[in-house]
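Notes follow once the structure below has been shown.
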Amino acid sequence: MPASADQDLDVAIVGAGAAGTYLAHRLIRARPDWRIALFERSNRIGGRLWTVKVDGLEKPIELGGMRYMTGHRLVHETVEELGIETRFFDPAESPERLVLRGVVSTLDDAQGGRGYDLPPEEAGRSASDLLLGAFLRIVPDASELDERGWRRLRASATFNGRLLTEWSNGDAFALVLSPEGQRFATDAFGYDFANDLENAVDAAQWAMGAGSPSGVARVPVDGMDRIPRGLAERFVADRGWSEERALELGRTLLVDNVSRIFGGA
């Protein structure tokens, strides 16, 4: 596309995932006189929120984020603002079933880790018990702290001779769990929780439930990527582009009646 005044931007946002689409939506409403464009190198909106619909399955498959908590204020308010229909993530509140190294169990099954080469002090403990015990060894008072207590702890608490805030969650876990125990905890919870680089204080506070996102787990009926797709659609509408003008500018790709922004002229 030849260069023109239409290509001069005040803000270019790169990446049409949840963060990029949210920023574009909010920014164009706060600064309607600015020239703002959202660029995405792939042909879909959503980033790490990726919903796939499969013929014959009642519900879509989530390849990224699988649910949100209503206690996540910004997410919940955005879903409400966009008028997105949601459902309970797990209406039956059934326990999560695990298949780890050939053993079928749940997070609270004391025999769930028998496929792992666990040392005697870790064998015969459930994944939940193992994870809780690890956090209590890192932060002994964790189960008794309120939000104010966590703020005080964050400022001065130490672990193994270093400020606790200097420890990543993964490094701290490596000192209180065996390698197989750390692997078991990571596999059981389905996140790289016991090996990640998150600050050990923040990880412990979230895991112990103090100040962690709360509420009810819900998911959009059309899938989690309905949230960034809805934000992108609002951005295009607020930008004042007609579909014809958007296509002329080469900044949108219309798929399934959803405006999708992508990079390139």
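The values are calculated or read from the model by the stated rules, or taken from the named source; none is laboratory data. In this text the structure is predicted, and so the values were computed from the model without any measurement. So basically every Cβ, Gly included, is an ideal-geometry build from the backbone, and we count neighbours across all protein chains shown. Ligands, DNA and RNA are stripped out before the accessible areas are found, and what is left, the full protein with its side chains, is counted by its heavy atoms. Shrake-Rupley method; radii C 1.70, N 1.55, O 1.52, S 1.80 Å.
Scan the stretch 115-129 and tell me whether some residue there is more than 20 Å from ALA204 (Cα to Cα), surrounded by fewer than 16 Cβ atoms within 10 Å (Cβ to Cβ) and in contact (Cβ under 8 Å) with a residue 40 or more places away in the chain. Scanning the stretch 115-129, I find at least one residue that is more than 20 Å from ALA204 (Cα to Cα), surrounded by fewer than 16 Cβ atoms within 10 Å (Cβ to Cβ) and in contact (Cβ under 8 Å) with a residue 40 or more places away in the chain, so the answer is yes. Of the residues that sit in the stretch 95-104 and are within 25 Å of the chain's Cα centre (by Cα) and not hydrophobic (A, V, I, L, M, F, W, C), which one is surrounded by the fewest Cβ atoms within 10 Å (Cβ to Cβ)? Among those that are within 25 Å of the chain's Cα centre (by Cα) and not hydrophobic (A, V, I, L, M, F, W, C), it is ARG97. Taking the stretch 130-165, which residues are more than 15 Å from TRP206 (Cβ to Cβ), part of a helix (DSSP H, G or I) and in contact with a helix residue (DSSP H, G or I) (Cβ under 9 Å, 6 or more places away or on another chain)? Residues satisfying the conditions are LEU130, GLY133, ARG137, ALA155, SER156. Scanning the stretch 1-57 for residues that are at pLDDT 85 or above, closer than 26 Å to GLU77 by Cβ, part of a loop (DSSP other than H, G, I, E, B) and under 26 Å from the mean Cα position of the chain (by Cα) yields GLY15, ALA16, ARG44, ILE45, GLY47, ARG48, LEU49, TRP50.
Among what's in the stretch 78-94 and is of a type in the set (Asp, Glu) and open to solvent by 90 Å² or more (accessible area, probe 1.4 Å), pick the residue that is modelled with the lowest pLDDT. Checked the stretch 78-94; the qualifying residue modelled with the lowest pLDDT is GLU93.
Anything in the stretch 30-52 that is in contact with a helix residue (DSSP H, G or I) (Cβ under 6 Å, 6 or more places away or on another chain) and over 27 Å from VAL221 (Cα atoms)? List them, or say none. Listed by number, the list holds a single entry, ILE36.
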